[in-house]
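The values are calculated or read from the model by the stated rules, or taken from the named source; none is laboratory data. Just so it is clear, the structure is predicted and the values come from calculations on it, not from any experiment. All Cβ positions, glycine included, derive from the backbone under ideal geometry; neighbour counts span all protein chains shown.
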Amino acid sequence: METSFETQQASAGLCPVLIEDEHSVTRIVEAAMANTADPRLRFVMGSLVRHLHGFLREARLTDAEFEFALEFLARLGHATHASHNEVVLAADVLGLSTLVTVMNNSTRDGRTPGALLGPFYRANAPRYACGDCVVQDDAPGLPLLVSGTVRATDGSPLAGALVEIWQASPVGLYDNQDPNQPDRNLRGCFQTDESGNYHFRTVRPAGYPVPTDGPVGTLLAAQQRHPYRPAHIHFIVAAPEYRTLVTQVFADEPDKLESDVTFGVHRQLVGTLRLHDHGRSDWGDVPAPFYTLQFDFTLEPGQQTFPKPPID
Ligand code: BEZ
Ligand code: FE
């Protein structure tokens, strides 16, 4: 019986070096990377190559489709610049960013789930005292009074914890996207009091579309997907010796929550926005109509770190 060159090499204990068939390509590439000194890089690249090759074999990509895919990746790079990252957006709409977030943010011991930092986080948010209002303009929108407690996983309240928030306006635009909003409108840093409590005043945010003028927009259109994220407020909650929590709290609008274009809505991150249609608020002396949102956060012991702002 005739034995293939690859079989002869394998029986001689050698890695294949010449292509025999589509499976030998994968083994040859893995062998070429086998001397990678960093063991983590060796493992990650080996896994990546095996899965990408497996994908190509499963999808039976044609030459034209492969060329189109490479062109698409190049277009993601060309559409990326200092104030916009189309590569990250592609990872977001394919669920990659959310999968990494879910994998790396356990909810063990009652820890609050994490959510995407997103592309609109900016450094130097104004520092406010608890109870202050983060709205710097007089744009219309119903007031929203947000309050809660920051605790550790053992239940103890965390005094002096940082609670940083940012959100889109009632028309669905962040300050940096909207020439009508003052710089760093709807952004703010607060500190919890001695009982771990925080509270602040804002306006009810609206959902908004992710940018659709690049290749990701073309992909969403081809997939007949809308580009919207449901209304949410971003939070960073941090305290020394606790793992920093980067998360989002979503408005309870069921039809919108179920089709977030970035797949970012964790069941435990849906807040209840209660409409008050008469009287005045318990704090802040806000006349009805207004909303309240009560949301607590639980941090686990670990390292306090701060994310790098993706834009200025
Ligand atoms: C955001 O929540 O700000 C966001 C996240 C991913 C893509 C676009 C926006
Ligand atoms: Fe957002």
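Descriptive notes on the structure:
- Residue that is of a type in the set (A, V, I, L, M, F, W, C), away from ligand 2 (no atom under 14 Å from the Cβ) and either in contact with a Pro (Cβ under 6 Å, 6 or more places away or on another chain) or closer than 30 Å to Gly302 by Cα (or both), where the choices are Leu275, Leu245, Leu269: Leu245
- Helices (runs of 4 or more DSSP H) enclosed by region 46-121 - at least 2 residues per element that are closer than 25 Å to Gly214 by Cβ and within 16 Å of ligand 2 (Cβ to nearest atom): 86-93, 96-104
- Selection status of Thr244, at pLDDT 95 or above, closer than 14 Å to Thr112 by Cβ and more than 16 Å from ligand 1 (Cβ to nearest atom): yes
- Of the residues making up region 158-185, those that are crowded, with 20+ Cβ neighbours inside 10 Å, more than 16 Å from ligand 2 (Cβ to nearest atom) and assigned to a loop (DSSP other than H, G, I, E, B) are Leu158, Ala161.
- Within region 248-264, considering residues that are touching a Phe, Trp or Tyr at 6+ places or on another chain (Cβ under 8 Å) and within 11 Å of ligand 1 (Cβ to nearest atom), the one farthest from Gln294 (Cα to Cα): Val261
- Of all the criteria given as (1) under 17 Å from Phe120 (Cβ atoms); (2) within 15 Å of the chain's Cα centre (by Cα), the one not satisfied by Leu269 is (1).
- Check on Phe235, in contact (Cβ under 8 Å) with a residue 60 or more places away in the chain, within 16 Å of ligand 2 (Cβ to nearest atom) and in the same structural domain as Thr112 (by TED's automatic domain parsing): yes
- Filtered by the rule that a residue be assigned to a loop (DSSP other than H, G, I, E, B) and within 21 Å of the chain's Cα centre (by Cα), region 186-199 gives a lone residue, Leu186.
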